[in-house]
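The values are calculated or read from the model by the stated rules, or taken from the named source; none is laboratory data. Source: prediction; values computed, not measured. Backbone-built Cβ (ideal geometry, glycine too); neighbour counts: all protein chains shown. Keep in mind that these areas ignore ligands, DNA and RNA; they rest on the heavy atoms of the full protein, side chains included. Shrake-Rupley method; radii C 1.70, N 1.55, O 1.52, S 1.80 Å.
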Amino acid sequence: MDWGTLAGTVLGAILGVGTTLVAERSRWQRESTAREQAIRQQLYAEYLGALSLTTHRLRDLKRSTGLTREERMEQAGEILGSTNAYHLRYQMLIIAPAQLGDAADQAFARVRDLRDRFDEPDISADPDWPATMSAVSEALDSLRRAMRADLTTS
């Protein structure tokens, strides 16, 4: 038996299997990265949507007339709870990178501050409302920029 032929066959098999394994590993990594990015993109969109919807609905509540202070306070709390923002916030804190998690937490805190404005006796005459709305807008803009940066660098 010719040892050269046997060695060549074994070496060819090893190279073929090794090359296939390296290619499969590379493909798996690309697919895994694409899946992770799609999950983050979906979560980011849902979280921004929940915060924006909460802000919009709180602005509408401020404009509504004929409600008592207690009714407005109750509705403001229900609005924040009904938009799924709490649930999505915790997902953001788990999935997003640390600095993005901080921006997500800051944006949520500003929306919660907006909700807390309804604790005031007369929200329609609240002098701090414009500043609170401005803080919400700035926090959401900062969060949006951080999300874009995370998605484009991944």
**Asked** Yes or no: Leu48 in contact with an Asp or Glu (Cβ under 8 Å, 6 or more places away or on another chain), under 21 Å from Glu138 (Cβ atoms) and part of a helix (DSSP H, G or I)?
**Response** no
**Request:** Kindly indicate whether Arg35 is at pLDDT 80 or above, in a helix (DSSP H, G or I) and out of contact with any strand residue (DSSP E or B) (no Cβ under 8 Å at 6 or more places or on another chain).
**Result:** yes
**Item:** Residues of the range 22-58 satisfying the condition of being touching a residue at least 12 places away in the same chain (Cβ under 8 Å), farther than 17 Å from Thr152 by Cβ and open to solvent by 60 Å² or more (accessible area, probe 1.4 Å)
**Value:** Glu46, Leu53, Arg57
**Request:** Could you please let me know if Leu61 is over 24 Å from Ala149 (Cα atoms), part of a helix (DSSP H, G or I) and either in contact with a helix residue (DSSP H, G or I) (Cβ under 9 Å, 6 or more places away or on another chain) or touching a residue at least 24 places away in the same chain (Cβ under 8 Å) (or both)?
**Result:** yes
**Message:** Being touching a Ser or Thr at 6+ places or on another chain (Cβ under 6 Å), small (Gly, Ala, Ser) and under 22 Å from Arg148 (Cα atoms) is true for just one of Ala96, Ala85. Which residue is that?
**Reply:** Ala85
**Message:** Being without any contact (Cβ under 8 Å) to a residue 40 or more places away in the chain and either β-branched (Val, Ile, Thr) or not in a helix (DSSP H, G or I) (or both) is the filter here; which residues of the range 128-145 pass it?
**Reply:** Asp128, Thr132
**Message:** Cβ-Cβ distance below 8 Å, separation of 6 or more or different chains: which pairs start in the range 93-107 with a residue that is over 13 Å from Ile39 (Cα atoms) and end on one that is open to solvent by 70 Å² or more (accessible area, probe 1.4 Å) and of a type in the set (Gly, Ala, Ser)?
**Reply:** none
**Request:** Out of the residues in the range 93-127 that are part of a helix (DSSP H, G or I) and of a type in the set (Gly, Ala, Ser), state the one that is farthest from Gln42 (Cα to Cα).
**Result:** Ala125
**Scope the range 106-154; condition of a type in the set (A, V, I, L, M, F, W, C) and open to solvent by 60 Å² or more (accessible area, probe 1.4 Å); matching residues** = Ala125, Ala131
